[in-house]
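Colleague: One structure follows; several queries about it will come next.
Any read-out appearing in this document is the output of simple, stated calculations on the displayed coordinates, not a laboratory observation. This structure is a prediction, so every number in the text was calculated from the model and none was measured. With ideal geometry, Cβ positions are generated from the backbone for all residues, glycine too; neighbour counts draw on all protein chains shown.
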Amino acid sequence: MNNSLVNTARLLGAGLRALLVLTLVTGVVYPLVVTGIAQGLLGDKANGSEITANGKVVGSSLIGQAYNLPLKKGQETPEPDLKWFQGRPANGLGGNSINTRYTLILSGATNLAGDSGAVDGTCPAEPEEGTLCAQVLAAKAAVVKDNSVPGYTVEPSEVPADAVTSSGSGLDPDISSEYAGLQAHRIAERNGLPLARVEKLVEDHTKGRTLGFIGEPRVNVLELNSALRDLAAKR
């Protein structure tokens, strides 16, 4: 009886010591080491690739933001605030209808096929409502209308693909340098800035292809609008 109690106590003690050691190693030491390495070598990425303006975090360079006007009474779809550079369409985004305690946006794509609404491989002038063709043509018309200002008219053929199509997540933070350049005339007119200064702003914030050959030149919309805000404040 005594031997049984002693053996049981010894086993419990060994198990407790193992638990404490493993908890210390895997629950304290390892997370601290990994966190230290991440902060030391990849601090920006480890902290969410934050973008700051005037000493405050305004967002992440990895997640796109909407630049819209406040909703009017009875309005369900916001209108873009045209004094800012606009990002890609976010047709795949949805609202959180399950956990209504929080105002969340669910990312996602439209899941519409590339030939949705097309006839013989091309989009008709009046495609069926709700199809990809209808979304693209409506977006193109809006881009032409919004970005045509006195002395500068946008032609439909000048509208790049990323101006009328959403990304797979709907949260793409970047636009092409072509789309940013197309918006420069509107931005200059709306903010009372010289066109050359706005075009220089776009040029300064254009990033080249990754490793020199992957992808296309791109502009981070949040970074660009943060710089635009500073430029407009100095006007």
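Colleague: Quick one: ASP81, ASP172, fewest Cβ neighbours within 10 Å first, how do they rank? Walk me through the numbers on the way to the answer.
Modeller: Details: ASP81 13, ASP172 21.
In order of increasing Cβ crowding within 10 Å: ASP81, ASP172.
Colleague: Rank LEU62, LEU12, LEU32 by mean-square fluctuation in a GNM of the chain with C-alpha springs under 10 angstrom and give only the top-ranked residue.
Modeller: LEU12
Colleague: Nearest 10 degrees is fine. How inclined is helix 177-191 to the longest principal axis of the chain, computing both from alpha carbons?
Modeller: Tilt relative to the chain: about 70 degrees.
Colleague: By how many degrees, between 0 and 90 and to the nearest 10, does the Cα long axis of helix 30-41 differ from the longest principal axis of the chain?
Modeller: Its long axis makes an angle of about 40 degrees.
Colleague: If you take the beta carbon distance between ALA14 and ILE37 as r and set R0 to 30 Å, what does 1/(1 + (r/R0)^6) give as a FRET efficiency, to the nearest 0.05? Before the final figure, lay out the partial values.
Modeller: Values: r = 32 Å, r/R0 = 1.08.
The computed FRET efficiency comes out at 0.40.
Colleague: From Cα pairs below 8 angstrom and at least 6 apart in sequence, can you work out the relative contact order of the chain, rounded to a whole percent? Please list the in-between numbers first.
Modeller: Values: 288 pairs, mean separation 41.4, N = 235.
Value for the chain: 18 percent.
Colleague: Would you mind calculating the gained length between LEU69 and LYS200 on full extension (0.36 nm times residue separation, minus the Cα-Cα distance), in nm to one decimal? Mind dumping the intermediate values first?
Modeller: Working: separation 131, 0.36 × 131 = 47.16 nm, distance 2.62 nm.
Between LEU69 and LYS200, full extension yields an extra 44.5 nm.
Colleague: Using the number of other C-beta atoms within 10 angstrom as an exposure proxy, rank TYR67, TYR30, TYR152 with the fewest first. Kindly include the intermediate steps, with their values, before the conclusion.
Modeller: Details: TYR67 17, TYR30 11, TYR152 14.
Lowest count first: TYR30, TYR152, TYR67.
Colleague: While we're here: Helix 2-24 versus the longest principal axis of the chain: what angle, 0 to 90°, nearest 10, using Cα atoms?
Modeller: Roughly 30 degrees between the two axes.
Colleague: Suppose we flag GluC sites (Glu not before Pro) only when DSSP calls them loop and at most 15 other Cβ atoms lie within 10 Å. Which is the longest uninterrupted stretch of the chain? List each step's numbers first, then the result.
Modeller: On the way: sites that count: GLU76, GLU128, GLU129.
It runs 130-235.
Colleague: Can you give the net charge of the other residues whose Cβ lies under 11 Å from the Cβ of SER148, counting K and R as +1 and D and E as -1? Let's see the in-between values first.
Modeller: Working: positive: LYS145, ARG186; negative: ASP146, GLU155, GLU158, GLU189.
My count for the surroundings of SER148 gives -2.
Colleague: Turning to a different aspect of this structure: Amide H neighbours of ASP115 under 5 Å, counting only residues 5+ apart in sequence or on other chains, H built in-plane at 1.01 Å?
Modeller: none
Colleague: Follow-up question, since we're still on this one. Which far-off residues, 5 or more places away or on another chain, put their amide H under 5 Å from the one on GLY59, with H placed in the peptide plane?
Modeller: Answer set, sorted by chain and number: ILE51.
Colleague: May I pose another question? Through the Karplus equation 6.51 cos²θ - 1.76 cosθ + 1.60, θ set to phi - 60°, convert the phi angles of region 46-63 into ³J(HN,Hα) values in whole Hz; use x for Gly and Pro.
Modeller: Karplus values, whole Hz, x for Gly and Pro: 5, 8, x, 6, 5, 10, 10, 9, 6, x, 10, 6, 10, x, 10, 6, 9, 10.
Colleague: Continuing with this model, one more query. Exposure proxy check: LYS207, LYS145 ranked by fewest other beta carbons within 10 Å?
Modeller: Details: LYS207 14, LYS145 9.
Least to most surrounded, the residues fall as LYS145, LYS207.
Colleague: Among GLY55, SER176, GLY27, pick out the residue whose Cα is farthest towards the positive end of the charge dipole of the chain, where Lys and Arg carry +1 and Asp and Glu carry -1 on C-beta, about the Cα centre.
Modeller: Final value for the positive-end residue is GLY27.
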